[in-house]
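First the structure, in the form of structure tokens, and then the observations on it.
The values are calculated or read from the model by the stated rules, or taken from the named source; none is laboratory data. Quantities reported herein were computed from a predicted structural model and do not represent experimental measurements. Using ideal geometry, Cβ is built from the backbone for each residue, glycine included, and neighbour counts are taken over all protein chains shown. Note: areas computed on protein heavy atoms with side chains; ligands, DNA, RNA excluded. Shrake-Rupley method; radii C 1.70, N 1.55, O 1.52, S 1.80 Å.
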Amino acid sequence: MDEFLNFIKSGKLAPLKSWGTKWSLWPVHLVTACCGAELAHAFACGYDGERIGALNYGIARQTNLIIVEGAITRKMARVLKITWEQMPDPKFVIVMGACGLNGGVFWNGYNLVRPSEVVPVDFFIPGCPPTPEALLRGIRQLQKKLETGEAESSAYFYDLRLEKGKPPRRLPGVPKKISAAPSIVVNRPRKVDWAFGGELCEKLKVLRVESVAITGKNRIALKVSADKLREVAIELKKMGFDHVKSVNVVDVPGENKFIVEYHISSYSSKELMPVILNVFAEVPRNEAKIDSLSDLFPSADYMEREMQDFFGISFKGNPWKGKFLLAPDTPEFPLRKEFKLQEEIYVGD
Ligand code: SF4
């Protein structure tokens with residue numbers, strides 16, 4: 001049997017086998033992020049990637065190429081590894097996009113894994129997102145490698161952009177230290193020509209808020225104490241503010257506090273529709289609790305759960321308990337400043 005396999009691999013039939021593999025690339029469907037839209041573009045009618053011998057297919061056991069389409073999170077890394085293990089040999093990997101290379105726009109993200117830490121990568125295609133042409137070029141490079149055993153590496157593409165004689169640039173590494181006391185400004189007042197904003201601020205001052213400031217055209221920041229947040233939200237609802245656009249938290253360990261902020265706006269009042277209120281309150285880090293606004297503004301529910309997962313803040317009244325978005329074994333509160341970026345290998349052999 002071994003003799004037979006060796007004959008196929010390196011005997012007279014080897015060139016025929018390489019030729020066949022070259023024109024039979026079957027990328028498995030593994031859409032991990034927005035780069036997937038460019039992959040769809042590359043294989044749709046305009047570019048028709050199929051004409052160069054690659055056809056996307058849905059089942060790992062009958063495919064021989066993974067095109068990693070952008071960011072890989074820790075959760076997704078397991079899927080990538082399982083997919084890879086199911087595929088028959090010979091198999092290949094192309095990684096698209098800045099995210100897959102070194103984090104891209106999510107660089108230094110607590111939950112990001114480089115695909116090259118999980119599976120052996122044949123080619124990286126730079127860009128955010130890479131163009132369909134770049135992806136097809138990457139596939140052509142893989143085909144060239146299959147046929148001749150050699151190909152221009154993706155590092156070669158990289159060098160092309162450098163001026164001659166200059167040393168190659170290095171990608172930044174992950175910072176090991178984060179400032180203990182970063183400077184945080186959430187409501188810097190700005191002077192803007194906005195008469196309606198001035199009138200609105202006068203009305204808002206009547207509510208039990210600590211401060212009101214115009215921070216930009218159509219933007220007003222309201223500082224409230226944590227125990228008054230709910231009362232203020234009820235009054236805002238009566239005024240016509242009817243939904244929460246986002247819930248965010250800023251961790252300020254140097255001052256032992258979290259800043260919890262709700263962006264509140266209106267769909268029902270034409271006048272208030274362009275206005276976004278940044279209603280924020282501070283809570284101590286060692287007793288991170290605040291009233292939930294999810295019963296007043298249902299759109300806040302999901303985002304409060306997120307903040308609970310990521311920062312460990314308890315939103316009193318929100319029925320959700322336990323982890324919502326993160327995998328059960330994720331270390332707690334990954335967006336807190338003291339969270340240690342892990343250097344572990346996330347997926348074992
Ligand atoms: S490289 Fe850009 S387009 Fe691709 S997954 Fe990352 S953010 Fe999305």
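Kindly provide the set of residues from segment 101-110 that are near the ligand (Cβ under 7 Å from one of its atoms) and either among the aliphatic types (A, V, I, L, M) or touching a Phe, Trp or Tyr at 6+ places or on another chain (Cβ under 7 Å) (or both), ordered by number.
Val105
List pairs: first residue in segment 63-92 and closer than 19 Å to Ala134 by Cβ, second residue away from the ligand (no atom under 15 Å from the Cβ) and in a loop (DSSP other than H, G, I, E, B) anywhere in the structure, Cβ distance under 6 angstrom, at least six positions apart or on different chains.
Short answer, once both residue conditions are applied: Phe92/Asp122.
Tell me, yes or no, whether segment 241-262 has at least one residue that is farther than 24 Å from Glu306 by Cβ, open to solvent by less than 30 Å² (accessible area, probe 1.4 Å) and out of contact with any helix residue (DSSP H, G or I) (no Cβ under 6 Å at 6 or more places or on another chain).
No, there is no match, as no residue in segment 241-262 is farther than 24 Å from Glu306 by Cβ, open to solvent by less than 30 Å² (accessible area, probe 1.4 Å) and out of contact with any helix residue (DSSP H, G or I) (no Cβ under 6 Å at 6 or more places or on another chain).
Out of Lys245, Lys270, Lys321, which single residue is out of contact with any Pro (no Cβ under 7 Å at 6 or more places or on another chain), over 23 Å from Asn111 (Cα atoms) and free of Cβ contacts under 8 Å to residues at least 12 places away in the same chain?
Lys270
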